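The values are calculated or read from the model by the stated rules, or taken from the named source; none is laboratory data. These numbers were taken from a predicted model, which means no experiment stands behind them. Neighbour counts are summed over all protein chains in view; Cβ atoms, including those assigned to glycine, are modelled from backbone coordinates with ideal geometry.
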Amino acid sequence: MSGIGPIGRLDTGAAALRAKLDVLTRQVSDGRKGPGYGDIAPEARRAVDLRADISRRETWQGTIDRTLARTEVTQKAMGRISDIATQFYTEAIRMDGTSTVRISAVAEQARAAMEEVANLLNERYAGEYIFGGTDSANPPVPDPRNIATSGMANDIAAAVAGLGGGNAAGVIAATLVAAQSDAAGTTPFSAFLSDPAQGLAEPRRAVPAAEGERVAYGVFANRNAAATSEGETTGSWARDILRGLATFAALDPVQAQLGADFTDLVASVRDGMRSAIEALGEERGALGAVEQRLEATSRRHSEVSVALTGQLAVIEEVDMAETISRLQATQTQLEASYRAISVTSGLTLTRFLA
């Protein structure tokens, strides 16, 4: 430095101030200490870890949000199915064999209700069938429009047509077998859901909600997920409802004259619907508990992310008030440096001319 004159030293100082001013100007502009990890050393590694943690939590929140949207659609579909089951449970209580007109009307309504239930079991969200298990691209009930003439419905209709002579118990047992069947040509459900090696054996769909935490939320069209059916049941609330509707759809008004056989068959439908309503309520309640758990987990991720973002800001971002103050001070210093250079240059020229 001994070989550098006064003006050179002032220029060097001014250059350093200009560089400092550039850095402070950028920091005031974007609020960050610097564009590279070297600007935040020795906290760079911690910043990387914080960003990764925040990113993971954002991903979990995204999957939880999509799952909650899917479970909302599931709840609405099950709610409507429950309303249908309740309607026909009430009809089973009212049906006493005295009104052939009511029997005909209920049979017609049951056929329409079977199609509606099948379509509800084919409900979709974002292009996926929500009751189809992992086979979400294909409908769990392949032919909902013709479910009233499916193999299951036809087998039940054949059993009901033979009612009489004290055989109600046998007819009831036959309707149970038909509704429980997973055989191709009988079951109205898809080949995937009916396969013991695939749909019948797979666990419920689950969402990764946190590190090492998966929450099951899936509901199946042909078997219970979290609920346990009790009483007069196939073991599945959906099958119980379809069985009852198919039985009602097969009733002939003249069968009201059969006395105990008729009333016993109707009583079995009533008991099956009651079992389905109770199991469906249990299913919806369990899914509601899952929704509450996911909502709580999402809130926790959000709260932790806010805290982590605060920690990251301390590492990566400047104190804006302090930085503005330093910027103003540096500008003042630089202006003073320029004035000093000007004065020094003027004195040197004057001395030279003298």
| remark: Arg351: passes all of (1) under 30 Å from Phe88 (Cβ atoms); (2) of a type in the set (Lys, Arg); (3) modelled with pLDDT under 70 but (1)
| field | Scope region 216-248; condition part of a loop (DSSP other than H, G, I, E, B) and hydrophobic (A, V, I, L, M, F, W, C); matching residues | value | Val219, Phe220, Ala221, Ala225, Ala226, Ala227
| Among the residues of region 137-153, is any within 30 Å of the chain's Cα centre (by Cα), β-branched (Val, Ile, Thr) and not in a helix (DSSP H, G or I)? | yes
| task | Specify which of the listed residues (Pro188, Pro208) is within 29 Å of Leu287 (Cα to Cα), assigned to a loop (DSSP other than H, G, I, E, B) and under 29 Å from the mean Cα position of the chain (by Cα). | result | Pro188
| message | Let me spell it out: the conditions are (1) within 28 Å of the chain's Cα centre (by Cα); (2) exposed (fewer than 13 other Cβ atoms within 10 Å of the Cβ), and Val101 meets all of them except one. Which number is the exception? | response | (1)
| task | Give the residues of region 44-67 that are in contact with a strand residue (DSSP E or B) (Cβ under 9 Å, 6 or more places away or on another chain) and either closer than 22 Å to Gly285 by Cα or in the same structural domain as Tyr125 (by TED's automatic domain parsing) (or both), sorted by residue number. | result | Thr63, Ile64, Arg66, Thr67
| query | Pro140 fails exactly one of the following numbered conditions: (1) surrounded by fewer than 21 Cβ atoms within 10 Å (Cβ to Cβ); (2) of a type outside the set (A, V, I, L, M); (3) within 30 Å of Gln61 (Cβ to Cβ). What is the number of that condition? | reply | (1)
